[in-house]
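One structure below.
The values are calculated or read from the model by the stated rules, or taken from the named source; none is laboratory data. Here the structure is a predicted model, which means the values were calculated and not measured. Note that we place each Cβ from the backbone using ideal geometry, even for glycine, and neighbour counts take in every protein chain shown. For accessibility, only protein heavy atoms count, side chains too; no ligands or nucleic acids. Shrake-Rupley method; radii C 1.70, N 1.55, O 1.52, S 1.80 Å.
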Amino acid sequence: MIKNLFLLLFTASILIGCSIKEDEVSTGLPEINVDSLPNHMTPEILWMLGRVSDLQVSPDGTKILYGITYYDIDKNTGNRDLFLLDIDGEIPLRLTETPHSEFNAIWRPDGEKIGYLAPNDSGIVQLWEMNPDGSNKTLMSDFTSDINGFIYSPKQTKILYVSDVKLDQTPTDIHTDLPKANVRIIDDLMYRHWNTWHNYSYSHIFYTDYKEKGIEEGRDIMKDERFDAPMKPYGGMEQITWSPDESKIAYTCKKSSGKEYAISTNSDIYIYDIKKRSTINLTQDGFDGYDHNPLYAPDGKKIVWKSMETPGFEADKERIMMHDFEKNKTIELTEGFDQSSDHFAWNADGTALYFISGIHATKQIYKVDPVTKKIDAITKGHHDYTELVPVNDSLLIGAKMAHDLPIEIFAVDAAGIEQQLTYTNKKILDHLVLARSEERWIETTDGKQMLTWVIYPPNFDSTKQYPALLYCQGGPQSAVSHFFSYRWNFQIMAANDYIIIAPNRRGLPTFGQAWNDQISGDYGGQNMKDLLTAIDVMAKEPFIDANRLGAIGASYGGFSTFWLAGNHENRFKAFISHCGIYNFESMYGATEEYFFVNHDYEGAYWEKPVPKSYSFSPHKYVSNWNTPILIITGANDFRIPYTQSLEAFNAAQLNNVPSRLLF
C-alpha cells in the first residue's frame, strides 16, 4: 500500500478548499485570491494560514482524522473544524462546519463513529458523535458543566471524561451578606498559575458506562481531592489512559498544594482500579521530579511514562520509564540516550515503542525495543515532528513543520522516507517567496561548536548588505528548532529584509543534557558569550551591515535583550524585549512557580550568601543603557509579571533612553 500511496501523493498538490468540485461537499474554507496578496509573508497572511492539529488514524488504518483552525481578523475569533482524509487519497472531506470549534476528536474503538467535543445549544461543551462521513451528528451528553476531554475505553463499554469540580468557597460564598464584593482572600501560594487566577475548581476524571443512545454523569475517581488531572497549565488527555482490559485508569497528578506545590515538580503516575475503587501511586518511591503521560502496552502487562529525575528542575531530560507489572520492576528504556523523549506510541504487538526526540535543533521520530533497549532513528532532516501514529510496522503517520512550512501531515515508511499527505496552505505558500534557512556551526569562546540558524530574506542578494537581528530564544531551556511559530515567525522577520541569526546558545536542549543544564545559575555567563559570538561572527559576512544590528527576544529572550542592553559594548542599534526578566529580586518575589527560580537562580535573594545569579540582573546594568528599546508585555504572564517590563521602561525613560512600551 505504501508504494501506491507515495505514487498517488507524489504529484498531489491540491489545497484543501480548492480541490472539491462545486457539486461535491463544500469545504467552506476561506476563499483566498492570492493575486491580491503581497508575495512575502506579512502578519495578515500569517493569520490566513490553516493550523493543522490532533491527527487520529482510524482503527482499520485507512483514514486520518484531524482538525484545522482558521482565524478571522475582522471578527477577532478562531474556529476549528474537523476533516477526514483517506490514507491513500488526495482530497480531504470536511466533517464539521459550524460557528464554534470542534476538538478532542477521536475514533470510537470499532471505527463506526467519531466522538468529539463541541458546545450544545446552551454553550456548554459536551460529547458528540457522528458517522465517519460527518453525517448523523448526535449529542451524547447533557451535563451542566463543560466536558474538557474524553477517552473511549478499549472495548467500548465505558468512557472517561474530564470536568471541573468546584470544591473551594469564594469570598461571596463565605460572606453571603456581601454579594457584590470583588475580592480574593488568599492564605497560601499558587493562587494564580501561568496566565490564570485560581477559579476555586479542580479538574477531575470521571468514568461512566458507554451507551450509543447517550451517556450519564459518571463517577469521580478523585472525589473531594483538591488536585488537578490533567495537570495545569498545559496538561491534556495524553496524561490519562485506559488499561487494555478496561479495569484501570492511569493518570498524572501533582497531589500537593500551596507552598509545597509552588516549590516542587513532583508529579506522579496514579492507577485507579475500577472494581476496587482504589488508587495506588506507581511512582511514589524514587521519582521526585516530573512523571507524566502514562501509556499501557497493548497486552496491559507493562506501562511507560516520561520522567524527569531531578526534583524542582522543569527542563531536566525526559526519560522513558517502563514498569513491568508481572515482575514488579521499573527500568529506564532510554538509559544512555542523551536526548529527551516525548509523544509515545506502541506498535500493535508491543514489540516497539515509537517516540519523538530532539537532536541538533530538529525533532525526529525514533523507536526503541522494550527488551533490548536498542534505539533507532526513523527520520532525519531539517524539520520538527510534532505528532506520530503508527499504522503498521511499515507505515507511520506524523505531523511536522519547518521554518518554511506550517504543520502538515506526512506518511513515513520504515526506512524514514516521507511523503506529504495534506496541503492545507499550498496555494498561499506557492504564491509567496519564502525565506530560506541555513545551518551554521560556530565556535564558542570555550571552544565548543554551536548550531546557529541563519535565515535569509526572500530574494536574498549576496552582493547587497542587510541589517541583521540576533534572535534570543526564551525558555530558557527551549531549542531554536525548525518550528513554524505564530508568535515569533522567522518568515515575517526575514520578509522585512533582515537577516536573522538564531543561535542555539548554552542552555538549549537537543545538544545533550550538559549543554542544556549549563545555563542554570549562569544567566549572564556563557550563554551570553554564545549570543555575542554568534552576532560577531556573522557580522563579518560581507552581506551583513555591521552598523545595523538589533537583538530581539521574549521571556528569557526578553531577559537576554535587557542584559545585552547594558553589556553589548555598542554592537547593537536597537532592542526588542517581550515579557523579559528585568529585576531578579522583584521577579523572585512576584512569580508563581517557585521551583523554577529556586533551581535556575539557585535560591532566594535573601539567602546568605546571596546566589551568584542575582549579580546578572539586568537592572544592575541600566546605567549603561544607551540604545533605543521597544518593550512589550502582557497583563497575564504570571511567571514573569508585567511589572518587570514596567520597571525596565520606567528606568529607560528616567535615563533618557529612547524607548516605547507596548502593554
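Here His292 passes the criteria (1) open to solvent by 20 Å² or more (accessible area, probe 1.4 Å); (2) closer than 30 Å to Tyr594 by Cβ; (3) not in a strand (DSSP E or B); (4) not polar (S, T, N, Q) except the one numbered (3).
Across region 331-371, the qualifying residues are those that are in a strand (DSSP E or B) and farther than 20 Å from Ala414 by Cα, and the one among them that is nearest to the chain's Cα centre (by Cα) is Glu332.
For region 162-193, filtering for residues that are in a loop (DSSP other than H, G, I, E, B) and farther than 28 Å from Leu127 by Cα leaves 19. For region 592-615, the condition holds for no residue, the condition being that it is assigned to a loop (DSSP other than H, G, I, E, B), over 24 Å from the mean Cα position of the chain (by Cα), under 23 Å from Leu470 (Cβ atoms) and of a type in the set (Asp, Glu). Taken residue by residue, region 194-210 has at least one member that is in contact (Cβ under 8 Å) with a residue 60 or more places away in the chain, among the β-branched types (Val, Ile, Thr) and more than 30 Å from Arg108 (Cβ to Cβ). Applying the criterion of being within 17 Å of Pro467 (Cα to Cα) and not in a strand (DSSP E or B) to the residues of region 539-560, the residue that is most open to solvent (accessible area, probe 1.4 Å) is Lys540.
For region 46-92, the set of residues classified as open to solvent by 10 Å² or more (accessible area, probe 1.4 Å), touching a helix residue (DSSP H, G or I) at 6+ places or on another chain (Cβ under 8 Å) and under 25 Å from Gly115 (Cβ atoms) consists of Asp88, Gly89, listed by residue number. Please verify whether His619 is open to solvent by 10 Å² or more (accessible area, probe 1.4 Å), in a helix (DSSP H, G or I), more than 20 Å from Gly553 (Cα to Cα) and in contact (Cβ under 8 Å) with a residue 24 or more places away in the chain, treating the condition exactly as stated. Considered against the rule, which asks whether it is open to solvent by 10 Å² or more (accessible area, probe 1.4 Å), in a helix (DSSP H, G or I), more than 20 Å from Gly553 (Cα to Cα) and in contact (Cβ under 8 Å) with a residue 24 or more places away in the chain, His619 comes out as no. The lone criterion from (1) open to solvent by 50 Å² or more (accessible area, probe 1.4 Å); (2) assigned to a loop (DSSP other than H, G, I, E, B); (3) of a type in the set (D, E, K, R) left unmet by Glu238 is number (2).
Could you please find all residues in region 467-496 being in contact with a Phe, Trp or Tyr (Cβ under 6 Å, 6 or more places away or on another chain) and more than 24 Å from Ile581 (Cα to Cα)? Pro467, the sole residue that qualifies.
Which of the residues belonging to region 485-538 are among the acidic types (Asp, Glu), outside any loop (DSSP other than H, G, I, E, B) and more than 22 Å from the chain's Cα centre (by Cα)? The answer is Asp530, Asp536. Beta carbons closer than 9 Å, at least 6 apart along the sequence or on distinct chains, pair a first residue in region 545-556 that is more than 13 Å from Ala574 (Cα to Cα) with a second that is aromatic (Phe, Trp, Tyr) and surrounded by fewer than 21 Cβ atoms within 10 Å (Cβ to Cβ) for Asp545/Tyr466; Ala554/Trp488. Answer yes or no as to whether Phe595 is more than 30 Å from Arg548 (Cβ to Cβ), open to solvent by less than 50 Å² (accessible area, probe 1.4 Å) and in contact (Cβ under 8 Å) with a residue 60 or more places away in the chain. Yes.
Scan region 633-663 for residues that are assigned to a strand (DSSP E or B) and surrounded by 18 or more Cβ atoms within 10 Å (Cβ to Cβ) and jot them down.
Residue satisfying the conditions is Ser659 alone.
The condition of being open to solvent by 50 Å² or more (accessible area, probe 1.4 Å) and among the hydrophobic types (A, V, I, L, M, F, W, C) holds for only one of Ala377, Ala361, Ala435, Ala399, that being Ala377. All conditions in (1) surrounded by fewer than 19 Cβ atoms within 10 Å (Cβ to Cβ); (2) free of Cβ contacts under 8 Å to residues at least 60 places away in the same chain hold for His382, with the sole exception of (2).
Looking at Asp404, Asp413, Asp384, which is the one that is under 23 Å from Ser478 (Cα atoms), modelled with pLDDT of 95 or more and touching a helix residue (DSSP H, G or I) at 6+ places or on another chain (Cβ under 9 Å)?
Asp404
Counting only residues that are within 20 Å of Glu314 (Cβ to Cβ), open to solvent by 20 Å² or more (accessible area, probe 1.4 Å) and among the charged types (D, E, K, R), region 598-608 holds 1 of them. Within this structure, Ile581 fails the test of being under 23 Å from Val537 (Cβ atoms) and either part of a helix (DSSP H, G or I) or of a type in the set (A, V, I, L, M, F, W, C) (or both).
Within this structure, Thr334 fails the test of being out of contact with any Phe, Trp or Tyr (no Cβ under 7 Å at 6 or more places or on another chain) and either open to solvent by 30 Å² or more (accessible area, probe 1.4 Å) or over 27 Å from Asn266 (Cα atoms) (or both).
Within region 578-592, the only residue that satisfies the criterion of being of a type outside the set (Gly, Ala, Ser), open to solvent by 20 Å² or more (accessible area, probe 1.4 Å) and closer than 20 Å to Arg192 by Cα is Glu585.
Tally the residues that are of a type in the set (Val, Ile, Thr) and assigned to a loop (DSSP other than H, G, I, E, B), restricting the search to region 254-289. Walk me through how you get there before you give the answer.
Narrowing region 254-289 to residues of a type in the set (Val, Ile, Thr): 263, 265, 269, 271, 274, 279-280, 283.
Within this subset, residues satisfying the condition of being assigned to a loop (DSSP other than H, G, I, E, B) are 265, 274, 283.
Of the residues in region 254-289, 3 are of a type in the set (Val, Ile, Thr) and assigned to a loop (DSSP other than H, G, I, E, B).
Criterion first (modelled with pLDDT of 95 or more, open to solvent by less than 30 Å² (accessible area, probe 1.4 Å) and over 26 Å from Pro233 (Cβ atoms)) does Pro611 satisfy it? So Pro611 fits the description; yes.
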